[in-house]
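Engineer: Quick one: the structure is below, questions incoming.
The values are calculated or read from the model by the stated rules, or taken from the named source; none is laboratory data. Note that this is a predicted model, so its numbers are computed, not measured. These area figures cover heavy atoms from the full protein model, side chains too; ligands, DNA and RNA do not enter into them. Shrake-Rupley method; radii C 1.70, N 1.55, O 1.52, S 1.80 Å.
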Amino acid sequence: MNIIITLIVYLVVFGLIWWLVGMLPLPAPVAQIVRVLFIILLILIILSVFGIIPGGYLPHLNL
């Protein structure tokens, strides 16, 4: 249950950051690179929360 709550918190924070960056007036090539980097970061967050890859760089949430 703790893994699900941690994943939800990470995804909410990630979504807020994605929304804020999406509101920046970036040129098209830079926006495409930022979008790809965010998708890669999203995949890394999901894989590390479920323990598939080591996620030592993500802070642990103690709820």
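Engineer: Can you tell me how many residues in the range 36-50 are under 11 Å from the mean Cα position of the chain (by Cα) and open to solvent by 70 Å² or more (accessible area, probe 1.4 Å)?
Structural biologist: 5
Engineer: With respect to I5, is the statement that it is open to solvent by 60 Å² or more (accessible area, probe 1.4 Å), at pLDDT below 90 and of a type in the set (A, V, I, L, M, F, W, C) true?
Structural biologist: yes
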